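Encoded as structure tokens, the structure appears first; notes follow it.
The values are calculated or read from the model by the stated rules, or taken from the named source; none is laboratory data. Treat the numbers as computed from the prediction; the structure is a model and nothing was measured. Neighbour counts are summed over all protein chains in view; Cβ atoms, including those assigned to glycine, are modelled from backbone coordinates with ideal geometry. What goes into the accessible areas is simple: the full protein's heavy atoms, side chains included, and nothing from ligands, DNA or RNA. Shrake-Rupley method; radii C 1.70, N 1.55, O 1.52, S 1.80 Å.
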Amino acid sequence: MGIDSEVRRQGLGEFLRARRSQLRPETVGIAADRGRRRVPGLRREEVAGLAGVSYSWYTRLEQGRDVHATAEVIDSIAAALRLGHDEHRHLRRLAGLPLHPFDGGDEAVDEHTRQLLERQSPAPAYVVGPRFDYLAWNDALALVFCDVGALPPPRRNVLWATFMVSSVRTSLVAWEEHARSVIGQFRAEAAAHPTDQRFAAMAAELVAASPEFRQWWATHEIVRAAGGDQAFRHPNVGLISTHLIQMRLIDRPSLKVVIHSPATRDDERRLDELLRCS
């Protein structure tokens, strides 16, 4: 085992001990002892019993030993310790397990984030979820790239728009480069959530619908993030050059804010003109 694995196991043990020490017995239905408890919070054997695992195995896990922990067992321990959503995800990371499929709970875009998108005007800006679904966008995006609101809700997806919306193909100067980058990012995200079948369902639809997607999907290229310049052709104002910026929300890291910042003052002027005439 490498140093990273050892450090992760030690972190897992420390996290379990800390959470166990902070959980009162009566919270989990264990009657408080009449005498004095030697440890704060729950005992190891109590956590093991609540999780349905052996005391000796749980002890080795807390001690940072190299023991095999399945997703089901880790989830049982999380339930026994009454871990919240973020704590549960942290426990899975420490155990070297994939995170749960997204259930939509992380996909709500609050008003402050929507206001952030509007303040980027005239720069096109939007928020995407873990499966690249558009969750929020500003007017500039609709004018320059794609009118997301006009798409059926199941099709409001970056991958789908890139390959299946004709205006996207004609507006992007380097469409192939963009398309292959989006595929690589989508595949990387899918690999991080192997049990979420919605990634596979979207890919299967596009494999059937788009020859280009079918060809490039088969190459298994991976792109963790994309930046750099991206240019659009618009029939009314001509070429618009932008710099692509992608940011994760700290409190909801499954959501990503994407901004096409105008590359020059002339590009900003062209975007302003589009918004004024819309």
*asked:* Going by what's in this entry, would Ala200 be described as farther than 24 Å from Val109 by Cα and either surrounded by fewer than 18 Cβ atoms within 10 Å (Cβ to Cβ) or basic (Lys, Arg) (or both)?
replied: yes
_Condition first: modelled with pLDDT of 90 or more, closer than 22 Å to Val128 by Cβ and open to solvent by less than 50 Å² (accessible area, probe 1.4 Å). Can you find one or more residues in segment 86-98 that meet it?_
no
*Residue within segment 121-133 that is in a helix (DSSP H, G or I), under 26 Å from Arg233 (Cα atoms) and either among the aromatic types (Phe, Trp, Tyr) or without any contact (Cβ under 8 Å) to a residue 24 or more places away in the chain (or both) present*: no
_Residues of segment 206-223 satisfying the condition of being without any contact (Cβ under 8 Å) to a residue 24 or more places away in the chain and either open to solvent by 60 Å² or more (accessible area, probe 1.4 Å) or under 13 Å from Ser181 (Cβ atoms) (or both)_ = Ala208, Pro211, Arg214, Gln215, Ala218, Thr219
*Could you pull out the residue among Gln185, Gln230 that is surrounded by 17 or more Cβ atoms within 10 Å (Cβ to Cβ) and more than 16 Å from the chain's Cα centre (by Cα)?*
Gln230
*Filtering segment 38-59 down to residues that are assigned to a helix (DSSP H, G or I), open to solvent by less than 70 Å² (accessible area, probe 1.4 Å) and touching a residue at least 24 places away in the same chain (Cβ under 8 Å), which residue is farthest from Leu83 (Cα to Cα)?*
Arg44
*So how many residues does segment 200-232 have that are at pLDDT below 95 and charged (D, E, K, R)?*
3
_Name the residue that is surrounded by the fewest Cβ atoms within 10 Å (Cβ to Cβ), counting only residues in segment 60-78 that are of a type outside the set (A, V, I, L, M, F, W, C) and not in a helix (DSSP H, G or I)._
His68
*Restricting attention to segment 237-277, which residues are touching an Asp or Glu at 6+ places or on another chain (Cβ under 8 Å), without any contact (Cβ under 8 Å) to a residue 60 or more places away in the chain and either open to solvent by 50 Å² or more (accessible area, probe 1.4 Å) or of a type in the set (S, T, N, Q) (or both)?*
Ser241, His243, Ala263
*Any idea which of (1) within 24 Å of the chain's Cα centre (by Cα); (2) of a type in the set (Asp, Glu); (3) over 30 Å from Arg92 (Cβ atoms) is the one Glu205 doesn't satisfy?*
(3)
